[in-house]
């Protein structure tokens, strides 16, 4: 995982070539966390819709859980993660794979009726800017399911009170505990969402039992069930390391120009904003600023545009 060196934009984490899916999830002893997150997603996400945006999709761990949606656009900065998602999900008209920077999504305004961002915001050096981009591409009243790493978790509070950590879990500022890995105060995230044009409708606390000793002693399915029982307490307080929420987009700057059956109409030029783009052999291009982007094995790569 390395930072993006594009100085004109906030840095982003790049999982290019990473075996994150295997080492962290399949082989990392996180069956409980995965199952607990599945419960939260099921409770927060609408049962279905036409077009869902999955930000930070990675290797598609959560994508099969969005079975009620007709089409899913998977966005990640890493092409190798998207390749792994293709191997997992397959190549079909239901999935659109896009390699892009979340700070300048190559997608037209008001396109999606739902969106998710799970285990992704904690890599955002400019979280408000990222949330603003999400709002831009959502339709009015669209649902947005967001997960963020909570600095005000019980373990951090105890460590702080025992003087075993320097940063204050009660302060509103994000804490960068390692390069491009941030924990956020819940109230700060709620305020950012409100400023971006969202109304937070539901809050859920997740991963209450994220302790290795508990995971060794208690089966993952039982821990996940117990976690599901406690998740609704997030409406009252947030003391778990992970917080899920559902927000509704209250604004719509302009109506979408896209047509559901025409995937090309989803895209706009991330450089100048022009739409529609032109489609050539394994390439998309902008007729206005003459930039172009490759389409390789079904992955639309908008990370770095070249002159046409």
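The numbers here are math on the coordinates, done by the rules we state, and not lab data. The structure displayed is predicted, hence computed values, not measured ones. Virtual Cβ from ideal backbone geometry, glycine too; neighbours counted across all protein chains shown.
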**Prompt:** For a label point 7 angstrom out from the Cα of residue 250 toward its Cβ, which stretches of region 188-227 have the backbone nitrogen within less than 17 Å?
**Reply:** 188-203
**Message:** Need one word for region 12-67: rounded, prolate or oblate. Basis is the Cα gyration tensor (sqrt eigenvalues a ≥ b ≥ c); a/c below 1.5 gives rounded, then a/b vs b/c decides.
**Reply:** oblate
**Message:** Given a 10 angstrom Cα cut-off, can you work out which residue in 297, 150, 62 is the most mobile in a GNM of the chain?
**Reply:** 297
**Request:** Multiply the residue separation of residue 129 and residue 162 by 0.36 nm, subtract the distance between their alpha-carbon atoms, and state the gained length in nm to one decimal.
**Result:** 8.4 nm
**Message:** So the label point goes 7 Å from the Cα of residue 9 along Cα→C-beta, right? Which residues of region 79-105 then have their backbone N under 17 Å from it?
**Reply:** 79-82, 97-105
**Request:** Give me the number: length gained by fully extending residue 70 to residue 304, i.e. 0.36 nm times residue separation minus the C-alpha to C-alpha distance, one decimal in nm.
**Result:** 81.3 nm
**Asked** Can you give the calculated 222 nm mean residue ellipticity of the chain, where each DSSP H run of n ≥ 4 adds -39,500 (n - 2.57) and the sum is split over every residue, rounded to the nearest 500 deg cm²/dmol?
**Response** -7000 deg cm²/dmol
**Prompt:** Rounded to the nearest 5, what is the percent of antiparallel bridges among the DSSP beta bridges in the chain?
**Reply:** 55 percent
**Asked** Which entry in [x] 64, 52, 34; [y] 96, 62, 44; [z] 60, 36, 35 matches Cα extents along the principal axes in Å derived from the coordinates of this structure?
**Response** [z]
**Message:** Only Cα pairs within less than 10 Å get springs; with that Gaussian network setup on the chain, which residue of 270, 47, 241 has the largest fluctuation?
**Reply:** 47
**Complete:** Dimensionless Rg/Rh of region 32-190, both radii on Cα and Rh by Kirkwood, sits at 1.00
**Request:** Only Cα pairs under 8 Å and at least 6 apart count here; give the relative contact order of the chain as a rounded whole percent.
**Result:** 19 percent
**Complete:** If the chain between residue 260 and residue 278 were fully extended at 0.36 nm per residue, the gain over the current Cα-Cα distance would be 4.8 nm
**Request:** Could you please state, rounded to a whole Å, how far the C-alpha centre of region 217-272 is from the C-alpha centre of region 275-302?
**Result:** 29 Å
**Prompt:** Among 237, 192, which comes first, then next, by fewest other beta-carbon atoms within 10 Å?
**Reply:** 237, 192
**Asked** If you rank 147, 133, 195 by fewest surrounding Cβ atoms within 10 Å, what's the result?
**Response** 195, 133, 147
**Request:** Rank the residues 79, 116 as a footprinting-exposure proxy: fewest other Cβ atoms within 10 Å of their Cβ go first.
**Result:** 79, 116
**Prompt:** If you take the square roots of the eigenvalues of the alpha-carbon gyration tensor of region 1-103 and sort them as a ≥ b ≥ c, do you get rounded (a/c under 1.5), prolate (a/b over b/c) or oblate?
**Reply:** oblate
